[in-house]
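Reviewing the structure listed below.
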Amino acid sequence: MAFFFNLTKRAPSFNDDFVKMPGAHGPKPSLSGGLHTLTTVQDGAFISMAGNEIVTPLKGCWEIIWRDGAPSGTILFGFEIDQDYNRNDATLPKGTIYVSFNTWTSEGLKQAQSIKERSTMRANSALQKKDKELAKMTETNNVLRKARHYYNALSAAEVYSTQPNTRMKLVPSFDEVVHFEGGMYVSTTGKVWTKKLPTGKPVVLGRAKMKSISKEV
């Protein structure tokens with residue numbers, strides 16, 4: 001399902017009917033860069049057993065959450081769905097829906113990519129050493145050598161476990177980001193989720209993909 005939105009710079013007025021956002025209406029509103037209206041250019045659509053279904057997002061707005069001095073942040077889109085939509089085993093539930101993507105400064109992204117490259121090299125080297133030591137352990141009948149190779153394999157596995165592999169997966173390459181105004185880059189892969197504000201736990205509904213569309217289209 002694809003939605004097309006226009007990210008306006010206009011702040012919602014007091015009379016605008018918009019959803020509450022995790023930043024501005026969450027436990028740390030000072031981290032939000034402020035709310036802006038989200039204009040729907042094209043509703044979402046999908047094919048179900050009922051035929052072609054149209055999904056109209058309502059009360060849309062967006063914000064950026066970014067801590068001072070932090071190399072990355074989050075851009076958040078929020079809107080409301082007026083009913084449940086089902087396709088096979090997937091459900092887009094009625095209520096408030098959030099879509100979020102990681103954001104980066106130009107310098108922050110370069111630094112994170114450099115750290116990711118070094119971390120990946122260390123992790124790969126540790127895995128290779130672990131596999132080699134385990135292979136040597138199975139090849140020898142000498143008890144002392146088996147113990148030494150086993151210890152070396154454990155040491156390599158420990159080195160691998162200390163690398164921030166899960167966190168580094170969130171660092172995109174330059175072909176996995178969209179360049180916004182200024183020096184901000186946005187990851188093209190994000191998540192779809194919902195949450196009861198201000199302190200409810202996020203419930204992830206699925207993944208999201210972002211694509212920039214030129215104004216001429």
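The values are calculated or read from the model by the stated rules, or taken from the named source; none is laboratory data. Computed from a prediction, not measured in an experiment: that's the story for all the values here. Don't worry about glycine lacking a Cβ; one is built from the backbone with ideal geometry, like all the others, and counts go over all protein chains shown.
Annotations for the structure displayed:
- Matching residues in the stretch 95-113 - criterion: being part of a helix (DSSP H, G or I) and touching a residue at least 40 places away in the same chain (Cβ under 8 Å): 106, 107, 109, 111, 112, 113
- Any hit, the stretch 173-185, residues being in contact with a His (Cβ under 7 Å, 6 or more places away or on another chain) and modelled with pLDDT of 90 or more: yes
- Applying the criterion of at least 3 residues that are farther than 26 Å from residue 24 by Cβ to the strands (runs of 3 or more DSSP E) found wholly in the stretch 50-94 leaves 51-55, 85-87.
- Summed over the stretch 1-57, the residues that are within 16 Å of residue 197 (Cβ to Cβ), in contact with a Pro (Cβ under 7 Å, 6 or more places away or on another chain) and touching a residue at least 40 places away in the same chain (Cβ under 8 Å) give a count of 5.
- Selected residue [within 29 Å of residue 72 (Cβ to Cβ), outside any strand (DSSP E or B) and assigned by TED's automatic domain parsing to the domain that holds residue 124] from 158, 181: 158
- Candidate set from the stretch 147-170 (those that are small (Gly, Ala, Ser) and within 38 Å of the chain's Cα centre (by Cα)); member that is surrounded by the fewest Cβ atoms within 10 Å (Cβ to Cβ): 161
The rows are residues; the columns are (1) over 30 Å from residue 51 (Cβ atoms); (2) outside the structural domain of residue 18 (by TED's automatic domain parsing); (3) surrounded by 12 or more Cβ atoms within 10 Å (Cβ to Cβ).
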position: 86; (1), (2), (3): no, no, yes
position: 126; (1), (2), (3): yes, yes, yes
position: 136; (1), (2), (3): yes, yes, yes
position: 142; (1), (2), (3): yes, yes, no
position: 145; (1), (2), (3): yes, yes, yes
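- The set of residues in the stretch 47-67 being out of contact with any Leu (no Cβ under 9 Å at 6 or more places or on another chain) and loosely packed, with under 15 Cβ neighbours inside 10 Å consists of 47, 48, 49, 50, 51, 52, 54, 56, 58.
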